[in-house]
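Before any comments, here is the structure.
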Amino acid sequence: MNAAIRRLDSTAWGLLLLLSVLWGGSFLYVKLALAELPPVTIITLRIVFGGLALLAILRLRGVRMPRDFKVWRGFLVLAIANAIVPFTLIAWGQREISAGLAAIINSATPLWTMLLAHFFTADERLNGSRAAGIVIGFAGVVLLVGPDALEGLGAAVLAQLACVAATVSYGVALVWGRRFRGVDGGAVAAGQFLTAAPIAIVLSAVIDRPWTLAMPGPLTIAAIVGLVLLSTAAAYIVYFRLMQTYGAGNASLVTMLIPPSAMLLGAAFLGEAIEARSLGGFALLAAGLAVVDGRILRAIRR
């Protein structure tokens with residue numbers, strides 16, 4: 001059966017739940033690592049070792065990296081918009097806000113993607129239902145940032161706005177990523193990390209001077225290992241398995257599952273409280289995504 005229209009079965013839902021935990025766990029790992037490491041160093045470790053892990057996996061699969069210079073030039077834009085900028089902004093933001101809240105804000109990425117695609121592509125225009133879904137979803141973002149933004153830009157508000165900016169960057173990357181159709185998805189993931197690695201290393205050297213930092217403890221090292229092997233390498237394997245078997249649309253449903261996973265992990269391992277405003281904001285975001293996606297509404301009509 002064609003992967004683009006294959007219905008979700010128990011295996012697909014299992015993979016979606018697994019992926020939500022793997023990607024939801026990234027917010028937990030970053031929060032743990034921030035206790036001893038600065039944000040840019042954390043994302044540099046993720047990018048460098050995550051890229052090497054993905055490259056090793058591609059070698060085992062027998063997939064070769066593209067050799068076309070134009071493709072690698074495209075990877076450079078993707079490296080900045082899909083790795084350097086959003087990873088850094090989210091890690092910086094998590095110094096002030098919880099892992100669960102960062103994940104909820106991050107779930108607005110598809111809304112920005114739809115909005116940007118409407119203006120910068122010819123074949124992904126918004127219709128009435130998608131526009132309504134975007135409005136509902138952005139209402140959730142406004143609720144999450146909350147009335148504090150009207151009282152002055154405190155540290156928590158700036159942190160939330162940094163996470164919002166990260167979702168805009170992800171949206172740009174997803175629109176840009178359309179040009180890689182025909183390139184193996186794993187090669188695209190590895191290519192963006194390998195291209196981002198030198199940039200991240202230079203930024204870390206200039207901003208954090210990691211050679212001056214104290215050696216991190218076992219918990220921080222374990223968090224970095226989890227971030228690299230689980231939330232990067234393993235997550236992308238599961239993601240591309242979902243895309244290849246069930247289609248990109250079905251794989252995108254993970255967006256709605258990551259925030260609950262991150263909130264539960266944050267509550268279980270960090271003692272983070274789940275606030276009513278966060279739940280309300282997530283409910284609006286999820287409703288907006290459901291309207292944009294359309295499948296849930298079609299199922300209700302049936």
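If you check residue 105 against the conditions, is it over 21 Å from residue 276 (Cβ atoms) and of a type outside the set (D, E, K, R)?
Spelling it out, it is not the case that residue 105 is over 21 Å from residue 276 (Cβ atoms) and of a type outside the set (D, E, K, R).
Can you name every residue in segment 193-212 that is loosely packed, with under 14 Cβ neighbours inside 10 Å and either in contact with an Asp or Glu (Cβ under 9 Å, 6 or more places away or on another chain) or hydrophobic (A, V, I, L, M, F, W, C) (or both)?
Answer for segment 193-212, where residues must be loosely packed, with under 14 Cβ neighbours inside 10 Å and either in contact with an Asp or Glu (Cβ under 9 Å, 6 or more places away or on another chain) or hydrophobic (A, V, I, L, M, F, W, C) (or both): 202, 206, 211.
Condition check: within 16 Å of residue 256 (Cα to Cα) and modelled with pLDDT of 85 or more. Does residue 112 satisfy that?
Yes; evaluated as a whole, the condition is true for this residue.
With respect to residue 48, determine if the residue is within 14 Å of residue 192 (Cα to Cα), touching a helix residue (DSSP H, G or I) at 6+ places or on another chain (Cβ under 9 Å) and among the β-branched types (Val, Ile, Thr).
yes
Which is within 18 Å of residue 164 (Cα to Cα) and modelled with pLDDT of 85 or more, of 268, 286?
286
On the basis of being at pLDDT below 95 and surrounded by fewer than 17 Cβ atoms within 10 Å (Cβ to Cβ), does residue 217 make the cut?
On the way: at pLDDT below 95: no; surrounded by fewer than 17 Cβ atoms within 10 Å (Cβ to Cβ): yes.
Answer is no for this residue.
Of the residues 111, 115, 144, which is surrounded by fewer than 20 Cβ atoms within 10 Å (Cβ to Cβ) and farther than 30 Å from residue 216 by Cα?
115
For residue 130, work out the one condition from (1) modelled with pLDDT of 85 or more; (2) of a type in the set (Lys, Arg); (3) more than 22 Å from residue 158 (Cα to Cα) it doesn't fulfil.
Residue 130 satisfies every listed condition except (1).
Quick one: count up the residues across segment 112-139 that are in a helix (DSSP H, G or I) and within 20 Å of residue 179 (Cα to Cα).
Matching residues across segment 112-139 total 9.
Would you check which residues across segment 219-277 are in a helix (DSSP H, G or I), over 26 Å from residue 96 (Cα atoms) and not hydrophobic (A, V, I, L, M, F, W, C) and list them?
If the condition is that a residue be in a helix (DSSP H, G or I), over 26 Å from residue 96 (Cα atoms) and not hydrophobic (A, V, I, L, M, F, W, C), then 236, 239, 241, 244, 245, 246, 249, 250 are the ones that fit.
The values are calculated or read from the model by the stated rules, or taken from the named source; none is laboratory data. Since we're looking at a predicted model, the values are computed, not measured. Cβ sites come from the backbone with ideal geometry, for glycine too, and all protein chains shown count toward neighbours.
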